[in-house]
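Structure record follows, encoded as structure tokens.
The values are calculated or read from the model by the stated rules, or taken from the named source; none is laboratory data. These numbers come from a predicted model, not from an experiment. As a convention, Cβ positions derive from the backbone with ideal geometry for all residues, glycine included, and neighbour counts pool all protein chains shown.
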Amino acid sequence: MFSLEIMCDPAHRDLLVADLWEQGSTGITELDDSHLRAFFEDGCDRQALLGRYPQALARDEDARDWVAVARDLMHPMPVGSRFFLVPEWCDDPAPPGRFRITVNPGLAFGTGVHESTRLCLEALEDYCKPGIAVLDVGTGSGILAEAASLLGAHHVIGCDTDPVSVAIARSRVTDCFVGSCTAVRTGFADLALANISPEAIVELAPDLARSLRPGGILLASGFERQEIDWVKAALARIVEVRQKGSWTLVVAAVDR
């Protein structure tokens, strides 16, 4: 068995994890905010992996159950006041008053562990009202879309440019499609979610606003403190700013 230590941008960590699983990793651990260690059986093509991840450092490992080791690092966790995130290999019931959401780390962005995902879940508790229409842009694993449904949203649509993410998200919310919010009709949503990169938020800002009804709310996250002014400048009226660690969420309102 061998491992690869890989440096990664925190904003793209979950996408890297998903790719490592697809390449045959038997377990992945997070070393710090910018480094992962992925474990592979000896039958995997080490040279091909080093070619795919040219900055990775390879190391021979002793024989251990690295799947169990990696899984032991993630446990059920409460988020906000309404949600309880549970890895798919656990059967822990949700505490009274909380919604249980199953997560499968590594398949798509949105395991609930990342600070930006937790920021969005907590903001949903405050801004997602029963009966509203919700648009989840860059839905990833569909956790935020599922959370909106659990909170009583009447119509929830998710979109993502990654077909793998959409396939996973459809197991949570049926109305998910491959593509961007440019395909969403004007004034569809009362609430839009965009837990994506700051570049994508800025680029899609006009269509995010267009997709919202007058008085609609956008929850935008996926960016760090130093990027907040850039994101705010692209959005409509800022209602609130929330932060967790180095990550930020902006609440913006559409007045038109």
All strands (runs of 3 or more DSSP E) inside segment 137-256 with 2 or more residues being over 22 Å from Glu115 (Cα atoms) and outside the structural domain of Glu122 (by TED's automatic domain parsing): none
Segment 105-116, residues that are at pLDDT 70 or above and either assigned to a loop (DSSP other than H, G, I, E, B) or more than 16 Å from the chain's Cα centre (by Cα) (or both): His114
Test result for Leu144, closer than 18 Å to Phe83 by Cβ, aliphatic (A, V, I, L, M) and surrounded by fewer than 24 Cβ atoms within 10 Å (Cβ to Cβ): no
Verdict on Gly24 being over 24 Å from Asp162 (Cβ atoms) and among the small types (Gly, Ala, Ser): no
Check on Ala169, among the aliphatic types (A, V, I, L, M), at negative phi and touching an Asp or Glu at 6+ places or on another chain (Cβ under 8 Å): yes
Hey, Glu22 among the acidic types (Asp, Glu) and touching a strand residue (DSSP E or B) at 6+ places or on another chain (Cβ under 7 Å) or not: no
Failed condition for Gly152, given (1) in contact with a Pro (Cβ under 7 Å, 6 or more places away or on another chain); (2) within 23 Å of Pro10 (Cα to Cα); (3) not hydrophobic (A, V, I, L, M, F, W, C): (2)
Elements of type helices (runs of 4 or more DSSP H) in segment 1-104, at least 2 residues being outside the structural domain of Ser171 (by TED's automatic domain parsing) and either at pLDDT 90 or above or at positive phi (or both): 46-52
Residue that is surrounded by the most Cβ atoms within 10 Å (Cβ to Cβ), among those in segment 182-220 that are touching a residue at least 40 places away in the same chain (Cβ under 8 Å), among the β-branched types (Val, Ile, Thr) and closer than 17 Å to Asp160 by Cα: Ile196
Yes/no for Ile157 being buried (at least 17 other Cβ atoms within 10 Å of the Cβ), touching a Leu at 6+ places or on another chain (Cβ under 7 Å) and within 19 Å of Pro130 (Cβ to Cβ): yes
Candidate set from segment 221-256 (those that are among the basic types (Lys, Arg) and in contact (Cβ under 8 Å) with a residue 40 or more places away in the chain); member that is nearest to Gly187 (Cα to Cα): Arg256
Test: residue in segment 233-245 that is touching a helix residue (DSSP H, G or I) at 6+ places or on another chain (Cβ under 8 Å), within 30 Å of Glu88 (Cβ to Cβ) and crowded, with 16+ Cβ neighbours inside 10 Å: yes
